[in-house]
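No value in this document is a laboratory result; all are computed from the given coordinates. Please read these numbers as outputs of a predicted model, since none were measured by experiment. Here Cβ is always computed from backbone atoms with ideal geometry, including for glycine, and neighbour counts include all displayed protein chains.
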Amino acid sequence: MFNFRFGRGLATAEKSYDFPPFRPPSEAESLLLRMTRGCPWNRCAFCPMYRGIRFEVRESEAVRRDIDTAKEVLNEPVETVFVGDSDSLVANTHTWCDILASLYEAFPSITRVTTYARAYTLKRRSLEGLKKIRRAGLTRLHIGLETGNALVLKKVRKGATPATMIQGCHQAKEAGFEVSVYVLVGIGGRSLWREHALETASVLNAIEPDFIRVRTLIPQPGTALYRWWKAGTFELPAPELALKEQRVLIESLKVNAYYLSDHVSNYAPVHGRLPGNRSDMLKVIQDITDRLRGDENFRQCIKKRSKHIYL
């Protein structure tokens, strides 16, 4: 509704607007507002998203100008907003509350405001500061767990341990945020796929997130993991193994949460509410696995498609 179509409208109106370059698929219909540029960590071995962008917190005045521009250009109510770029919660509490006040004043129809956040940042922030931001209107946090395996977290330079992930997410939940956690299927490679699945389930069980969102690893050009993959030091799991990994993960989860495969990288459209839809979700995985084994054309199509997906 509001992302690229909104951008063309602004260009026609000869208005400047600083768009976040990325947003979660679940925010496809959201107004995009840029509060920071880049990522303050920007070292993950698998992620190319903010390479070459120097991290900075935008001036509040500039962000408010974007809000004013959006209000002037849009001719329909805004219900959801995504605030970029990565880990914008490094901005101070006063800045967040100021921007959120301007946002809700401009668009009183808003029902949800979300942003990316790092567990490490959440762990370090004061609980009272997070509660103030929550009361001001930030409602949901998108947090990249990727894996619950300590060895894999270290290898891919995530900058957090399993304990950090749990503590940061607990801090967010205690402050009142909805917590949406991302898992990266295949990040353990062929050698650590089972450990990755089981220990990720263990961390998710400890976190008890509201949403679990699954992505299947596709090495991205320009990243360290892509170089490892090309050099043969990282073995990417075949589709059948990636699906098996996801099955073990789902079987091991003991949470009350939505499980969503809402990304083009995934081999199977596995969606449901745990624990109630577990058997249906596992059946989807089994059906796709059986088709991969029995239909060579389907298998080749899946493999070919995955080679051309870039984040």
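For this structure, a couple of remarks:
- Percent RCO, i.e. relative contact order, over the range 139-311, from Cα pairs under 8 Å lying at least 6 residues apart: 20
- Förster-model FRET efficiency, 41 Å R0, Asn256 and Gln300, C-beta, rounded to 0.05: 0.60
- Cβ crowding within 10 Å ranks Trp96, Trp41 as Trp41, Trp96, fewest other Cβ atoms first.
- Cα convex hull of the range 139-311, projected area averaged across orientations, nm²: 9.7
- DSSP-defined antiparallel bridges as percent of all bridges, the chain, nearest 5: 20
- The three principal axes of the C-alpha atoms in the range 190-264 carry coordinate ranges of 40, 22, 21 Å, sorted with the longest axis first.
- Each pair of Cα atoms in the chain enters the Kirkwood radius, and Stokes-Einstein at 10 °C and 1.306 mPa s then converts it into a translational diffusion coefficient of 78 µm²/s.
- Checking the cross-link pairs Lys123/Lys283; Lys155/Lys244; Lys158/Lys283; Lys131/Lys244; Lys158/Lys254; Lys123/Lys254 against a 30 Å limit on the alpha carbon distance flags Lys123/Lys283; Lys158/Lys283; Lys131/Lys244 as lying beyond it.
- Rg followed by Dmax, in Å, when the range 1-117 is reduced to its Cα trace: 13.7, 42
- Residue order for Asp87, Asp295, fewest other beta carbons within 10 angstrom first, comes to Asp295, Asp87.
- Pairwise FRET efficiency - Glu79 versus Ala238, Cβ, R0 = 35 Å, nearest 0.05: 0.30
- Full-extension gain in nm, Leu151 to Lys71, via 0.36 nm per residue minus C-alpha separation: 24.1 nm
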